[in-house]
Amino acid sequence: MVIANIISYVLVLLGAVNWGLYGIFDFNLVGWIFQGPRTAGSIIIYVIITLAAIWLIISPIISGHGLRLRMREEKMKAEENS
């Protein structure tokens, strides 16, 4: 789950940068990379970023412990001892 959280954070940050560029400079980075905002590649990236955002919303609920980006020290120590 830690890896999924990190990947989701990176994807959501990419989406935030794209929105920032679009809002400030009217430049769509994803659309530019994939030669248009409604191409198959752009749509796939937009859907992946949306799924990453949804994951970041529901993962604390699933885990019951809040959002974690790294393993707790107790778990790491327990794994080392076993």
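The values are calculated or read from the model by the stated rules, or taken from the named source; none is laboratory data. As the structure is a prediction and not an experimental result, all values here were calculated from the model. As a convention, Cβ positions derive from the backbone with ideal geometry for all residues, glycine included, and neighbour counts pool all protein chains shown. Calculation scope for accessible area: heavy atoms of the full protein, side chains included, ligands and nucleic acids excluded. Shrake-Rupley method; radii C 1.70, N 1.55, O 1.52, S 1.80 Å.
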Calculate the spin-label point distance for residue 50 paired with residue 65, positioning each point 7 Å from the Cα along the beta-carbon direction, and give it in nanometres.
3.2
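Need the full-extension length gain, residue 22 to residue 7, defined as separation in residues times 0.36 nm minus the C-alpha distance. One decimal, nm. Walk me through the intermediate numbers first.
Details: separation 15, 0.36 × 15 = 5.40 nm, distance 2.27 nm.
Answer, rounded to one decimal: 3.1 nm.
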For the stretch 55-65, what does the Karplus curve 6.51 cos²θ - 1.76 cosθ + 1.60, with θ = phi - 60°, yield as ³J(HN,Hα) per residue in whole Hz, taken in order and with x for Gly and Pro?
4, 5, 6, 8, 4, x, 5, 5, 6, x, 10
Can you sort 25, 34 by 1.4 Å-probe accessible area, starting with the largest?
25, 34
